[in-house]
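Before any comments, here is the structure.
The values are calculated or read from the model by the stated rules, or taken from the named source; none is laboratory data. What you see is a predicted model; the values in this text were computed from it and never measured. Quick reminder, even Gly has a Cβ in these numbers, built from the backbone with ideal geometry, and neighbours come from all protein chains shown. Surface areas here come from the heavy atoms of the whole protein model, side chains and all, with no ligands, DNA or RNA. Shrake-Rupley method; radii C 1.70, N 1.55, O 1.52, S 1.80 Å.
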Amino acid sequence: MKWWGFLIIILLILDLQSKLQALSNKIYNNHEEKQKSKKFSKSLILDEYIGKKVSIEIDNDDINNSYLFSGSTPGSPVGEIIDYDNVWIAFKYYDKSKKKYINQYFRRRDIISINEYSKE
């Protein structure tokens with residue numbers, strides 16, 4: 001009689017393991033689909049801003065001049081997005097104090113917002 005009980009317990013554990021594996025695969029596939037859709041939507045948004053005058057707001061204190069792009073300063077630099085890839089964005093703006101154009105690279109994950117500049 002003890003052997004029957006032991007066999008039933010093993011079968012229940014195997015059944016539970018297969019159900020957990022199926023659930024894990026479903027969650028993993030759903031996560032991958034969400035990541036693909038986020039990457040696709042971000043690339044479309046950035047395509048709209050290339051070559052236009054924009055200001056960028058970031059959230060990363062490790063960047064030397066992050067105070068310029070914090071959004072709390074009214075004179076945040078206005079420039080244009082030159083290029084981008086999956087990780088980085090190249091931003092070009094004119095620095096009045098140095099009197100020259102500066103190319104700044106930002107990680108996409110650090111960008112909070114991109115605001116289009118209008119001369120109204």
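A compact table of results
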read-out: Where ILE63 falls short, out of the listed (1) at pLDDT below 75; (2) in a loop (DSSP other than H, G, I, E, B); (3) loosely packed, with under 15 Cβ neighbours inside 10 Å; value: (3)
read-out: Failed item in (1) open to solvent by 70 Å² or more (accessible area, probe 1.4 Å); (2) at pLDDT 85 or above; (3) of a type outside the set (A, V, I, L, M, F, W, C), with SER24 passing the rest; value: (1)
read-out: Subset of the range 98-115 that is open to solvent by 90 Å² or more (accessible area, probe 1.4 Å) and at pLDDT below 85 - its residue that is farthest from SER55 (Cα to Cα); value: ARG109
read-out: Filtered residues of the range 75-97 (kept if acidic (Asp, Glu) and under 15 Å from TYR49 (Cα atoms)); value: GLU80, ASP83, ASP85
